[in-house]
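The values are calculated or read from the model by the stated rules, or taken from the named source; none is laboratory data. Because the structure is a prediction, the values reported are computed rather than measured. Heads up, the Cβs are rebuilt from the backbone with ideal geometry, glycines too, and the neighbour counts pull from every protein chain shown. Ligands, DNA and RNA are stripped out before the accessible areas are found, and what is left, the full protein with its side chains, is counted by its heavy atoms. Shrake-Rupley method; radii C 1.70, N 1.55, O 1.52, S 1.80 Å.
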Amino acid sequence: MSTHIGFTHRSGATVHTVPAAFQQTAVLRPHQVALRTVGGTQQITWREYAQRVRAIAAGLAKLGVRHGDTVGLMLTNRPEFNLVDTAVLHLGGTPFSVYNTSSPEQIAHVFGNAGNRVVVTEQAFLTAVRGSGVPLEHLVLVDGPATAEVVSLHDLEEDPADGFDFDAAWQAVRPEDLATLIYTSGTTGPSKGVEITHANIIAQVAAQQRDIMRAGFDDRGVSYLPAAHVADRISGHCTNLLTGMTITCVPDAREIAAALPDARPTTFFGVPRVWQKIKAGIEARLAEAGPVQQALAQWAIGAGTTAAKISAAGARPGPLPAAQRRLADALVLGKLRAALGLDELRVAASGAAAIPPETLEFLLGLGFTVTEVWGMSETTGVGTFTDLSAPRPGSVGRALGDLQLRLGDDGELLVRGASVTHGYRGMPEQTAEAIDADGWLHTGDVATLADDGYVTIVDRKKELLITAAGKNISPANVENAVKAASSLPGVVVAVGDGRAYLTALIVLDADVAVLRAKALGMPGADVALLAEHPRIVEEVRAAIRSGNTRLARVEQIKRFTILPRIWEPGGIELTPTLKLRRTPIAAEYATEIDALYTDPQPAEVHSV
């Protein structure tokens, strides 16, 4: 055990597994709320958490769950997920989550790879789970009564295994045991099960605590991203278990903005789309204000952003910018943060995809301390981070904890360290392709590495566009330039592989489209109608023109089309974590893409 990184708990003990950490946490502040739902309709203290974990573990043991067994969870963000997941960990088992948008075929692939005999789910997903056709020994339902085919969680807790020794079970868990499987989003093929050990998690959370979070019992977080995603599992669920921070569960990620004033997080991880939604919400609120309030707010945000840019450049704001920033904070920015529910936010993080530097500067201007992070399921979450005291928009920062970084001959970022997975479940060929004989994980990201160790991600190695002229182009860089200019384009897909110039598919942001429809006197208008409206087309054109000014000539978008539909997470086009599925998009929208390069130009195609 001494060969593994330990986590120094607030109790003073050094722990090497997640159950050992939880047991220390649960006794320090037994009456403090550990898990809650929005509005406080459900609140579970640490004492109650520990009691229910003990009961659920005993009930699962009666179902035959043993050390080393896998247990599937298909649940929304609700306290029962945390309770059951933690109970399985105490048995020495491997709980893993399934994306709620998964089809029966996708569920069959995951269950087949994981080899689980037990699934814990809720009524909304029973049809999909059963439709997978995978033979299961037990289905446990967290939100309904028992039937001939399912066991209720309530009944499971009331029916323990005879002679079950809970303490012996969790004390037998070893650092090298599998703590979870994280199934990749499958942007380029069937998902792979990343094997994450207790040692990986302990190393990751210990490094986050040292370098970024420093979370404790007085901190508050929000669980709203899918539990199947490494960010929610590690920075939410596991950080809660190891540090004692309170978690508010938000079952629908689309409701996160409404939930924040209730949760009032002190730490918050947002994917770029969430931060862009927050930015769009502020802009929408200002648009409805009177001219005096608008002018004051725009001045305040401008003053904040100016001061933030100076700080980000490594300089100290002079007396005038500093004074303007203080005044802006007192008059406007502090009130804006409070209205958002983020007035006590201590650590803000953005990750999972590139965020436009302009969006990051906007957040810094509002007074948020933001770290931009980069990581993968294979690194158990965060791999690099920007220092909270020294943001550097455009960079994803330096290595977290003991992680080592270097670049391959082709510019691919390679990483090695205690938080890096040892491989993919049941996929030795894919493991050998990803992790070389010296333990270096080949991330698939092309990057640059500065002399001070700061990393800048160029793009995914397999997603670089190569034009007909042989120019290598990062589509993410092009797409972010457009999204930075306007909140109306919710999704931008740069197209141009093997073509003479770049074009783009545009998908409107659903929330912003509703606001635009109202402003155009068309409340309730569907997206197809809005996509054709001259004012909407012109606003998108202006955003592309603005983005083009930030790009080299070869990177600039020449034509675009606005698609008459909204893309939902987990669909053909987007993974559940909002990453683009570029290959399926190219196939699904082949006709629209060909039209972008057709002459004479079709009516639905617009020139920039």
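With the cut-off at 1.5 for a/c, could you classify segment 493-608 from its C-alpha gyration tensor as rounded, prolate or oblate? Please report the intermediate quantities before stating the final value.
Values: a/c = 1.61, a/b = 1.22, b/c = 1.32.
Oblate, since a/c reaches 1.5 and b/c is not below a/b.
For segment 70-215, what is the relative contact order in percent, using Cα pairs closer than 8 Å and at least 6 residues apart in sequence? Display every interim value, and only then the final one.
On the way: 214 pairs, mean separation 32.6, N = 146.
Reported relative contact order: 22 percent.
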In Å³ per residue, the alpha-carbon convex hull of segment 382-457 encloses 99
How large is the accessible surface of residue 535 in square angstrom, using a 1.4 angstrom probe and rounding to the nearest 10?
150
If I ignore ligands, DNA and RNA and count only protein heavy atoms, how much of residue 533 is accessible to a 1.4 Å probe, in Å² to the nearest 10?
40
Heavy atoms only, probe 1.4 angstrom, no DNA, RNA or ligands counted: give me 483, 309, 462, 518 ranked by accessible area, highest first.
462, 518, 309, 483
Degrees, to the nearest 10: 319-328 long Cα axis against longest axis of the chain
70
Can you tell me the 0 to 90 degree angle between the C-alpha axis of helix 357-366 and the longest principal axis of the chain, rounded to 10?
80
What's the magnitude of the charge dipole for segment 341-463 around its Cα centre, counting Lys and Arg as +1 and Asp and Glu as -1 at the beta-carbon? Answer in Debye, nearest 20.
220
Using alpha carbons only, how many angstrom separate the centre of segment 289-305 from the centre of segment 224-285?
27
Segment 281-429 - charge dipole about Cα centre, Lys and Arg +1 at Cβ, Asp and Glu -1, debye rounded to 20
580
Please report, largest first and rounded to whole Å, the three semi-axes of the ellipsoid equivalent to segment 52-135, where each semi-axis is the square root of five times an eigenvalue of the C-alpha gyration tensor.
21, 14, 10
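Add +1 for every Lys or Arg and -1 for every Asp or Glu among the other residues with Cβ under 12 Å from the Cβ of residue 463, and state the total. Display every interim value, and only then the final one.
On the way: positive: 460, 461, 462, 579, 581, 582; negative: 445, 459, 479, 497.
With Lys, Arg at +1 and Asp, Glu at -1, the net is +2.
Over all distinct Cα pairs, what is the inverse of the mean 1/r for segment 79-121, reported as the Kirkwood hydrodynamic radius in Å? Spell out each step's value before the answer.
Values: mean 1/r = 0.0887 Å⁻¹.
Across segment 79-121, the inverse of the average 1/r is 11.3 Å.
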Out of these labelled values of Cα extents along the principal axes in Å, [x] 81, 76, 56; [y] 86, 64, 47; [z] 75, 56, 53, which was calculated from the coordinates shown here?
[z]
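Full extension from residue 466 to residue 389: what is 0.36 nm times the residue separation minus their Cα-Cα distance, to one decimal in nm? The partial results should precede the final answer.
On the way: separation 77, 0.36 × 77 = 27.72 nm, distance 3.78 nm.
Value of the extension gain: 23.9 nm.
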With a/c under 1.5 counting as rounded, go ahead and sort segment 145-261 into rounded, prolate or oblate using the C-alpha gyration tensor (a ≥ b ≥ c being the square roots of the eigenvalues; past the cut-off, prolate if a/b is larger than b/c, else oblate).
rounded
Could you tell me which residue out of 420, 73, 480 lies farthest along the dipole of the chain toward its positive end? Charges go on the beta carbon: Lys and Arg +1, Asp and Glu -1, centred on the Cα centre.
480
Pop a pseudo-label 7 angstrom from the Cα along the beta-carbon direction at both residue 8 and residue 218 and give the gap in nm to one decimal.
2.0
Residue-level accessible surface for residue 211, protein heavy atoms, 1.4 Å, Å²:
30
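Give me the dipole magnitude in Debye, nearest 20, for the chain about the Cα centre, with unit charges on the beta carbon: positive for Lys and Arg, negative for Asp and Glu.
On the way: 54 positive and 65 negative charges, 363 e Å.
The dipole magnitude comes to about 1740 debye.
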Mean residue ellipticity (222 nm) of the chain, computed from DSSP H runs ≥ 4 via -39,500 (n - 2.57), nearest 500
-11000 deg cm²/dmol
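Of the listed peptides 557-567, 6-16, 350-360, what is their order by residue-averaged count of other C-beta atoms within 10 Å, with the highest listed first? Present the calculation step by step, with values, prior to reporting the outcome.
Numbers: 557-567: 19.8, 6-16: 16.3, 350-360: 22.2.
Put in order of decreasing packing, that is 350-360, 557-567, 6-16.
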At a Förster radius of 60 Å, what calculated FRET efficiency corresponds to the Cβ-Cβ distance of residue 422 and residue 520, to the nearest 0.05?
0.60
With every protein chain kept in place and a 1.4 Å probe, the chain has an accessible area per residue in Å² of 40
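Would you kindly work out the equivalent ellipsoid of segment 415-505 from its C-alpha gyration tensor and give its semi-axes, the square roots of five times the eigenvalues, largest first in whole Å?
Details: eigenvalues 190, 57, 41 Å².
Semi-axis lengths for segment 415-505 are 31, 17, 14 Å.
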When the C-alpha atoms of segment 444-488 are aligned to their principal axes, what extent does each axis show, in angstrom, from largest down?
36, 30, 17
With labels modelled as points extended 7 Å from the Cα through the Cβ direction, what inter-label distance (nm, one decimal) is found for residue 147 paired with residue 331?
6.2
When the chain is fully extended, how far beyond the present Cα-Cα distance does residue 452 get from residue 101, taking 0.36 nm per residue of separation?
122.2 nm
Of the accessible area of the chain, computed with a 1.4 Å probe and all protein chains kept, carbon and sulfur make up a percent value of 53
Cα principal axis extents for segment 1-72, largest first, Å:
44, 35, 18
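Taking 0.36 nm per residue of separation and subtracting the Cα-Cα distance, what length does fully extending residue 257 through residue 288 add? Mind dumping the intermediate values first?
Values: separation 31, 0.36 × 31 = 11.16 nm, distance 1.81 nm.
Length gained between residue 257 and residue 288: 9.4 nm.
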Take the Cβ-Cβ distance between residue 298 and residue 162 as r, set R0 to 56 Å, and report the resulting FRET efficiency rounded to the nearest 0.05.
0.25
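Note the per residue figure in Å³ for the convex hull of the C-alpha positions in segment 557-600. Let's see the in-between values first.
Values: hull volume 3.7 nm³, N = 44.
Roughly 84 Å³ of hull volume per residue.
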Below 8 Å, C-alpha to C-alpha, sequence gap of six or more: please give me the relative contact order for the chain in percent.
11
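In a shell of Cβ-Cβ distance under 9 Å around residue 143, excluding residue 143 itself, what net charge do Lys and Arg (+1) and Asp and Glu (-1) give? Walk me through the numbers on the way to the answer.
On the way: positive: 78; negative: 80, 122.
Overall, the nearby charge balance is -1.
Over segment 222-332, what relative contact order in percent results from Cα pairs under 8 Å that are six or more residues apart? Walk me through the numbers on the way to the answer.
Numbers: 68 pairs, mean separation 20.2, N = 111.
Relative contact order comes out at 18 percent.
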In the chain, with Lys and Arg counted as +1 and Asp and Glu as -1 at Cβ, which of these residues, 269, 86, 430, has the Cα nearest the positive end of the dipole, that is, farthest along it?
269
